[in-house]
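Just below is one structure, and these are the notes that go with it.
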Amino acid sequence: MRLDHVGIAVRDLTAATALFRTLLGREPSGTEDVPGERVRVAFFQVGETRIELLEPTAPDSPVAKFLEKRGEGIHHFALAVADVDGEAARLRASGATLAGEPRSGAGGARVAFVHPKSAGGVLVELSSGHHGRAGGGR
Ligand code: CO
């Protein structure tokens, strides 16, 4: 298990990408629409982990609701695990609350979400990791 990325909710992906380009002194990996979560995302590689910027693409997006309630800021962190479905089942069996079922996320990764009430107030994503990570292509 390792920290795969930290997700930050933003209102304007273009503006936030410009901020992080300056902050990190590097280019993002490009943007991607994730229709299942109704978000558009951009990733910045930072050492072994990444920063994920998330902009909602619909008013009913979970990220839109987060922005309404809490404003811009850290939305979740993601742990890379080999078996997302197995880990989700293990957590559920030990009493954790999951936010929905395991599903497809950004970069074709398998993802599941642990509800903040089961993780110290922070949404936790379990991710199978993203394709092309090792080569640094995206
Ligand atoms: Co994420």
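A short reminder: the numbers here are calculations on the coordinates, not readings from a lab. Worth saying up front: this structure is predicted, and the values here are computed from it rather than measured. Neighbour counts run over all protein chains shown; Cβ positions are idealised from the backbone, glycine included.
Structural descriptor for the chain: relative contact order 25 percent, calculated from alpha carbon pairs under 8 angstrom and at least 6 residues apart.
Summed over qualifying helices (DSSP H, 4 residues or more, each -39500 (n - 2.57)) and divided by its residue number, the chain shows a 222 nm mean residue ellipticity of -6500 deg cm²/dmol. Per-residue packing, averaged as other Cβ atoms within 10 Å, sorts the ranges 113-124, 52-63 into the order 52-63, 113-124, beginning with the highest.
Residues in the range 46-59 carry Karplus couplings, in order, of 9, x, 7, 10, 9, 9, 10, 9, 10, 10, x, 10, 8, x Hz; the curve used is 6.51 cos²θ - 1.76 cosθ + 1.60 with θ = phi - 60°, and Gly or Pro positions show x.
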